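To keep things clear, I will list the structure first and then write my remarks on it.
Here, each number is a calculation from the coordinates, and none is a lab measurement. Note that this is a predicted model, so its numbers are computed, not measured. Positions of Cβ are generated from backbone atoms using ideal geometry, with glycine treated the same way; all protein chains shown enter the neighbour counts.
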Amino acid sequence: MSVHASGPGPVPVSDSGSPPPPGAPAARARRFWSVRRLPAALAALVVLGAAGLLLYDVAAVRAGRPGMAWRRTLADGLAETRLDDTWVTVGAAVAVAVGIWLLVMALAPGLRQLLPMRREADPGAPGPVRAGLTRDAAALVLRDRVLEVAGVESVRVRVGRRKASVRARSHFRALDDVRADVENVLADAVGELGLAKPPVPSVRVVRPPRGKK
């Protein structure tokens, strides 16, 4: 058997709270946000070092000392460079692209491997309980359910945020019948995962290559 999945089961909840009563209305589940302590610390150190270096150079010039050689060279080079120079245009384009990428990364939640699960609103609880399921764990659950279908020899599952791709091998029974059974099993299994945004199954059933079991 083969599967694009390996890993732990459900991720521990991130917020505390008591279990909701049965039948309580479902609360909106948002994606989990990455803490990003290391990138934030590195960015802060780089900005702090650059700002400190510039402030030191400015203070030295104000005190009557010559500025740093690299800053004088850079200032002279920028003064002599035309704005329509090819390297200036390329540098500006790269800087804009990097800036847009950094903004997108800063505004994105991150933790793409963690799928938020449905949660129930409990007015009496101090805070809502939030739980998540990794893509690997979801893929393992779906794989095990599909393997229960008669005629399925092996399964490969890949779960994304919006789609669950399932490729099964069937060594007997008609492929259309196996595909119909797999789709029915997946419809139930995806719902039982309890995800806030269940992925849409995409099923493909094939025969094993000749000469292989």
Handout entry: Per-peptide average of other Cβ atoms within 10 Å, ordering 139-150, 199-210, 31-42, 83-94 highest first
Key = 139-150, 199-210, 31-42, 83-94
Exercise for the section: Using only the Cα atoms of the range 37-107, build the gyration tensor, take square roots of its eigenvalues as a ≥ b ≥ c, and label the shape rounded, prolate or oblate: rounded if a/c is under 1.5, else prolate if a/b is larger than b/c, else oblate. Expected result: oblate
Exercise for the section: With a 10 Å radius around each residue's Cβ, average the other Cβ atoms per peptide and rank 65-71, 130-136, highest first. Expected result: 130-136, 65-71
Practice task
Determine the shape class of the range 73-213: with a ≥ b ≥ c the square roots of the Cα gyration tensor eigenvalues, call it rounded for a/c under 1.5, and otherwise prolate if a/b is greater than b/c, oblate otherwise.
Solution key: oblate
